Amino acid sequence: MKSNKKFLSLILSLTLGATLLTGCSGSGESSGSSDEVKKIGITQLVEHPALDQAREGFIEGLKENGFVEGENLEVDFQNAQNDNPTSQTIASNFANDKKDLIFAVSTPSAQAALNATQDIPIVFTAVTDAVEAGLVKSNESSENNVTGTSDAIPVDKSLELIKKFVPNVKTIGVVCNTSEINSKLQVDALRKAAEKEGIKVIDKGATQANEVNQAVAAVAKEADVIFTPTDNLVASSMPIITKVATENKIPVIGSEEGHVENGALACNGISYKELGKKAGEMAAQILKGEKQPSELPVATLEETETIINKATMETLGIKDPQIENATFK
């Protein structure tokens, strides 16, 4: 009888211990899931100020929403060196690695990511028109695994800026990458707006860096001013563009701060750091499971800022147009 009681006591002790162990294990799993390290792949077409600032803003946006690199966030950054096939390889590797989210910086990077996976969430930035690029069905709902932030700004603001610096402008020259959809959309929009005011727009295309010098020289012969769109090849080639234009006494009106920092006379643009930061906030919602990409509309920034390169203005002998709230670099 005593042995039976001891046996029953042993069974009860083992059962209770197992129950407590299971309970502890369950608690540990719950705690671990909230501290789970999320793996993000960042694919960027090329390094230049605008895209770099957008990437920095993205990391900052994630941090402000609870995802800190080195703690609960693992970031794998890859640069395609302005080569589209490399972008596709990077995206495919991220898909094979089963990243929790892919952040695509530029239109080609985002297109490569979507080609690589229709399952992993993709957040993009520095895309001018996500619909035309085939990334989303509409800006309100992508209807797929993609969302992000657009750097689109009304081209009429750039046209106004051109007229402030060159009041009697008759011809605007544009240097752009003919193979990039962002550039085509901006040039078409500028031409449409300029024609309404009797201003001619001519454009010279380049598809690689060694063609830019010739394109700028050709435009400078015909134009009163040169406009540079948010184009990755153009952004990477701004020192060449501004050097040739300045030698020909032709002002360059850019589309973003990086253009001005590299010698353009002025721009009316957005903050790419803030654009990336907004993308980071959206990515955090996805990583937390609060939203699916299709539930987050493509976002833009409403505020623009006029930035002027004082040294370029003095070199060209152009008077300060006294633009309210302009920032001098």
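The values are calculated or read from the model by the stated rules, or taken from the named source; none is laboratory data. Since the model is a prediction, treat every value here as computed from it, not as a measurement. Virtual Cβ from ideal backbone geometry, glycine too; neighbours counted across all protein chains shown. With ligands, DNA and RNA removed, areas are computed over all heavy atoms of the protein, side chains included. Shrake-Rupley method; radii C 1.70, N 1.55, O 1.52, S 1.80 Å.
Annotation for Phe77 and Val37: the two label points, set 7 Å from Cα along the Cα-Cβ direction, are 1.8 nm apart. Neighbours of Val175 by Cβ distance under 11 Å: Lys/Arg scored +1, Asp/Glu scored -1, total -2. Peptides 78-91, 46-59, 126-139 ordered by packing proxy, namely the average of other Cβ atoms within 10 Å per residue, highest first: 46-59, 126-139, 78-91. With both residues required to sit in the chain, DSSP beta bridges show an antiparallel share near 10%.
Where both bridge residues fall in the range 220-329, DSSP classifies roughly 40% of the beta bridges as antiparallel.
A simple count of charges around Glu197, restricted to other residues whose Cβ falls under 13 Å of its Cβ and scoring Lys, Arg +1 and Asp, Glu -1, yields +3. Each peptide in 316-323, 253-260 gets a packing score, the mean of other Cβ atoms within 10 Å over its residues, and the list from highest to lowest is 253-260, 316-323. Using the rule -39500 (n - 2.57) for each DSSP H run of four or more residues, divided by the residues of the chain, the 222 nm mean residue ellipticity is -14500 deg cm²/dmol. Taking each residue as 0.36 nm, the span from Lys329 to Ser138 lengthens on full extension beyond its C-alpha to C-alpha distance by 65.0 nm. Peptides 291-297, 153-159 ranked from most to least packed by the mean count of surrounding Cβ atoms within 10 Å: 153-159, 291-297.
For the range 179-249 versus the range 113-165, the spacing of their alpha-carbon centroids is 21 Å. Surface composition of the range 240-329: carbon plus sulfur atoms contribute 42% of the solvent-accessible area (1.4 Å probe, protein chains only, all chains present).
Place +1 on the Cβ of every Lys and Arg and -1 on the Cβ of every Asp and Glu in the chain, take the dipole about the Cα centre, and give the residue among Val219, Ile59, Ala189 whose Cα lies farthest towards its positive end. Of the listed residues, the answer is Ile59.
With protein chains left intact and a 1.4 Å probe, residues in the chain average 48 Å² of accessible area per residue. Long hydrophobic helices in the chain, taken as whole DSSP H segments with a C-alpha length of 20 Å or more on their own axis and mean Kyte-Doolittle hydropathy at least 0.0: 2-34.
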